[in-house]
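Q: This is the structure I have questions about; it appears just below.
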Amino acid sequence: MTETRQRLATYVETRTVQVGAGPHVHLGYVKEAGGVWISNTGGSDITLLDAATGEVTGRMEVGGGPAHFAFDAGCRVGYVALSTADAVAVVDPLGGTVRRTIPLRPGSRPTAVMPAFDRDRVYTLNPGNGTVSAIDTRDDTVVAMIEVGREPMWGQPWGSSYKPITRPVGKSYVVNAGSDDVTVFDDATDQVRGRVAVGRRPVRNAIFREKGLIYTANERDGMVTAIRIADDAVVATVPVGVRPFRLLPVEAINGRDELWVLNAGSDRQPAGEITLLSGERHERLGAIAVVDRPANWVVNPAGMLFVASATAGELCVVDVRAGAIVGGARLSHPAQVGAISGLIHTGAGMLFVLNADETVSVFGAAQ
């Protein structure tokens with residue numbers, strides 16, 4: 001990022017706190033409890049922080065290798081994937097306690113949770129054996145093991161969760177990084193409907209609801225694949241940047257036909273950028289140069305997008321409506337690479353950044 005860019009919204013670090021054993025997969029916001037959770041994936045617990053100050057408020061022992069977690073709408077119940085225990089912890093997010101542990105098939109290594117609470121379901125993505133576990137949230141039992149593909153990385157449900165914007169069609173999409181495809185399964189029966197070949201090593205997918213499309217970020221070929229949800233047909237493959245790994249449809253924020261793609265860059269090409277794509281025309285609209293080697297991003301309710309660098313000691317703030325950088329901050333620690341979620345913005349106006357050295361840094365807007 002060049003020094004000539006105007007800084008209109010400067011953020012300053014207010015605190016850096018030590019958390020648990022890394023590497024870390026997830027930094028999450030427990031809004032109803034006013035807390036922030038960090039899954040200490042190299043250990044067996046979750047560190048709890050105050051969402052307004054960043055102070056450590058406790059630790060919750062959950063089991064081996066806590067990775068990604070998800071809560072229902074009221075934070076009455078949460079599910080934590082335990083990657084080394086081959087299990088899922090069912091937790092009380094408000095009380096900070098574990099209710100029970102659900103065993104999975106040995107060798108599953110669950111790393112991500114795909115919630116579908118409206119259908120009494122939670123799914124875990126299991127890269128260890130290429131499956132998805134379907135858990136009935138009414139009695140916390142595993143009711144199906146869905147064979148998907150190699151290294152399932154991320155999933156998106158399409159259906160009643162998205163009303164009233166779309167008509168529910170009752171299927172879910174899982175990207176398989178190791179087999180270069182997307183598995184589509186039926187939400188009602190947990191049966192596979194088909195697999196769609198995409199680009200090389202898809203690591204993320206995102207639904208552009210206004211366009212009826214689902215996109216995959218194909219890390220190894222610098223492409224984004226667009227799949228039409230009506231018939232699961234590939235309608236476009238568009239070149240973006242170096243190692244695309246995050247996707248954000250922004251039409252609901254800025255009213256423009258844009259899908260934003262964050263590209264991680266490489267050692268040889270460290271400059272990070274956000275590529276802007278059209279969901280109508282399936283073409284590149286432009287790009288926004290951000291920080292070197294982006295590690296992750298998050299957008300807040302005001303439409304400000306925060307992007308943290310893994311190498312440059314820098315964070316930038318992008319106004320999604322204006323499509324321009326409007327601020328930034330200096331990072332005292334390199335941001336964590338490879339986390340499902342590495343930044344969050346809380347209701348108290350604080351930004352939390354997951355660092356690579358078993359710490360979390362807290363930032364606030366400069367006065």
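Q: For region 43-80, give me each residue that is in contact with a Ser or Thr (Cβ under 9 Å, 6 or more places away or on another chain), of a type in the set (Gly, Ala, Ser) and within 22 Å of Thr124 (Cβ to Cβ).
A: Ser44, Gly63, Gly64, Gly65, Ala67
Q: Here is a further query. Output the residues belonging to region 193-221 that are in contact with a Lys or Arg (Cβ under 9 Å, 6 or more places away or on another chain), of a type in the set (D, E, K, R) and in a strand (DSSP E or B).
A: Arg193, Arg204
Q: Can you tell me which of Val224, Val235, Val298 is assigned to a strand (DSSP E or B), surrounded by 22 or more Cβ atoms within 10 Å (Cβ to Cβ) and either without any contact (Cβ under 8 Å) to a residue 12 or more places away in the chain or of a type in the set (Val, Ile, Thr) (or both)?
A: After applying the criteria, what remains is Val224.
Q: Of Thr53, Thr47, which residue is more than 19 Å from Ile135 (Cβ to Cβ) and crowded, with 23+ Cβ neighbours inside 10 Å?
A: Thr47
Q: Filter region 312-329 down to the residues that are modelled with pLDDT under 95 and closer than 22 Å to His24 by Cα, then identify the one that is surrounded by the most Cβ atoms within 10 Å (Cβ to Cβ).
A: Ala312
Q: Still on this structure, I have one more. Tally up the residues in region 83-131 that are touching a helix residue (DSSP H, G or I) at 6+ places or on another chain (Cβ under 9 Å) and either within 13 Å of Phe69 (Cβ to Cβ) or of a type in the set (Val, Ile, Thr) (or both), please.
A: Selection size over region 83-131: 3.
Q: I'm trying to understand the selection: among the residues of region 71-90, which are in a loop (DSSP other than H, G, I, E, B) and under 15 Å from Asn40 (Cα atoms)?
A: Ser83, Thr84, Ala85
Q: Here's a follow-up. Suppose we filter region 304-354 for residues that are assigned to a strand (DSSP E or B) and touching a residue at least 24 places away in the same chain (Cβ under 8 Å); how many remain?
A: 27
Q: Then there's this: Going residue by residue through region 5-23, is there one that turns out to be at pLDDT below 95, buried (at least 19 other Cβ atoms within 10 Å of the Cβ) and more than 16 Å from Gly96 (Cβ to Cβ)?
A: Yes - at least one qualifying residue is present in region 5-23.
Q: Of the numbered conditions (1) farther than 23 Å from Asp118 by Cβ; (2) in contact with a strand residue (DSSP E or B) (Cβ under 9 Å, 6 or more places away or on another chain); (3) at pLDDT 95 or above; (4) not hydrophobic (A, V, I, L, M, F, W, C), Pro270 satisfies every one except a single condition; which is it?
A: (3)
Q: Are any residues in region 198-212 in contact (Cβ under 8 Å) with a residue 60 or more places away in the chain and either surrounded by fewer than 22 Cβ atoms within 10 Å (Cβ to Cβ) or in contact with a helix residue (DSSP H, G or I) (Cβ under 7 Å, 6 or more places away or on another chain) (or both), and if so, which ones?
A: Residues satisfying the conditions are Glu210, Lys211.
Q: State the number of residues belonging to region 277-295 that are buried (at least 17 other Cβ atoms within 10 Å of the Cβ) and within 26 Å of Leu354 (Cα to Cα).
A: 7
Q: Something else now. In a loop (DSSP other than H, G, I, E, B), aliphatic (A, V, I, L, M) and within 24 Å of Ala324 (Cα to Cα): which single residue out of Val242, Val290 fits that description?
A: Val242
Q: Let me ask something else. Can you tell me which residue among Val142, Val182, Val198 is within 17 Å of Thr225 (Cα to Cα), out of contact with any Phe, Trp or Tyr (no Cβ under 9 Å at 6 or more places or on another chain) and of a type in the set (A, V, I, L, M)?
A: Step by step, each of Val142, Val182, Val198 is checked, and only Val198 is within 17 Å of Thr225 (Cα to Cα), out of contact with any Phe, Trp or Tyr (no Cβ under 9 Å at 6 or more places or on another chain) and of a type in the set (A, V, I, L, M).
Q: While we're here: Working carefully through the options Leu315, Leu305, Leu343, find the one that is within 21 Å of Glu32 (Cα to Cα) and of a type outside the set (Val, Ile, Thr).
A: The unique qualifying residue is Leu343.
Q: Quick one: in region 355-367, which of the residues that are among the aliphatic types (A, V, I, L, M) and part of a loop (DSSP other than H, G, I, E, B) is nearest to the chain's Cα centre (by Cα)?
A: Per the stated criteria, the residue is Ala356.
The values are calculated or read from the model by the stated rules, or taken from the named source; none is laboratory data. Values in this document were obtained by computation on a predicted structure and should not be read as measured data. Neighbour counts run over all protein chains shown; Cβ positions are idealised from the backbone, glycine included.
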